[in-house]
1. Can you name the number of the only condition in (1) loosely packed, with under 12 Cβ neighbours inside 10 Å; (2) more than 14 Å from ILE156 (Cβ to Cβ) that GLY57 fails?
2. Of the residues ALA108, ALA64, ALA74, which single one is closer than 23 Å to ASN4 by Cα and among the aliphatic types (A, V, I, L, M)?
3. Could you check, for segment 50-60, whether at least one of its residues is in contact (Cβ under 8 Å) with a residue 60 or more places away in the chain and within 13 Å of the ligand (Cβ to nearest atom)?
4. Determine if segment 1-20 includes at least one residue that is part of a loop (DSSP other than H, G, I, E, B), touching a residue at least 12 places away in the same chain (Cβ under 8 Å) and closer than 23 Å to GLN147 by Cα.
5. Looking at segment 71-86, is at least one residue within 13 Å of the ligand (Cβ to nearest atom), closer than 24 Å to ILE120 by Cβ and touching a strand residue (DSSP E or B) at 6+ places or on another chain (Cβ under 8 Å)?
6. Kindly list the number of the only condition in (1) assigned to a loop (DSSP other than H, G, I, E, B); (2) within 23 Å of PHE151 (Cα to Cα) that fails for GLU23.
7. Out of THR32, THR39, I need the residue that is within 12 Å of the ligand (Cβ to nearest atom) and within 22 Å of PHE148 (Cβ to Cβ). Which one?
8. For the list (1) modelled with pLDDT of 95 or more; (2) surrounded by 14 or more Cβ atoms within 10 Å (Cβ to Cβ), I need the number of the one condition that THR131 fails.
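The values are calculated or read from the model by the stated rules, or taken from the named source; none is laboratory data. Everything quoted here is computed from the prediction, not taken from an experiment. Cβ placement follows ideal geometry from the backbone for every residue including glycine, while neighbour counts extend to all protein chains displayed.
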Amino acid sequence: MSKNLWNEVHSRIASHDYMAGIERKVDRVKATGEIFTPTDLVVEMLKLTPMELFEPGKKILDPACGDGQFLVGAKWVKVLLAGMSEEDALLDIFGVDIMRDNVDICKARLFGGTILMGDILNPDKKLDKQTKEEHKLMLELFTNESQFSLFEGADIQFSVI
Ligand SMILES: C[S@@+](CC[C@H](N)C(=O)[O-])C[C@H]1O[C@@H](n2cnc3c(N)ncnc32)[C@H](O)[C@@H]1O
């Protein structure tokens, strides 16, 4: 049963082709480090994560989320294995990426979540193409004394930059 559910998590992630939808030239990849985690590896890492960390209210943060490989997987673990509604699962899902197009694809793949364009290393920095709302939320969530300050507010954190 659970094996089938993990297969389903895999196919939900893989319904978006790996690194598809954006032309990433060599210079861009060099500047951003945009090599996303392949789906097989995402699923293996999710399987190694204690299941209680996917329970309702457990916050999942990818501070360099790319197009959402981990966050899409985490959402479907919350729904398919932890029994949450999609709406509730998305309340626990947070992502940041410095590239506008990655953020937009990630949000579209998730159908929601708190996914922000921002510089996680300089969360107060206002970026071109970042919305006012995203900037406000970056300040609220990631600067001193806030929810994800030093990322201690996350129950699961993917990516290290
Ligand atoms: C190696 S990819 C990882 C993406 C995703 N976590 C995964 O494993 O598939 C790193 C991502 O970090 C983003 N990035 C680079 N510098 C960043 C920064 N200062 N703040 C937020 N995101 C950043 C890049 O645009 C890229 O999408």
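1. Status for GLY57: all satisfied but (2).
2. Of ALA108, ALA64, ALA74, the one residue that is closer than 23 Å to ASN4 by Cα and among the aliphatic types (A, V, I, L, M) is ALA74.
3. Checked segment 50-60: at least one residue is in contact (Cβ under 8 Å) with a residue 60 or more places away in the chain and within 13 Å of the ligand (Cβ to nearest atom).
4. no
5. Within segment 71-86, one or more residues are within 13 Å of the ligand (Cβ to nearest atom), closer than 24 Å to ILE120 by Cβ and touching a strand residue (DSSP E or B) at 6+ places or on another chain (Cβ under 8 Å).
6. Checking GLU23 against (1) assigned to a loop (DSSP other than H, G, I, E, B); (2) within 23 Å of PHE151 (Cα to Cα), the one that fails is (2).
7. THR32
8. The failed condition is (2).
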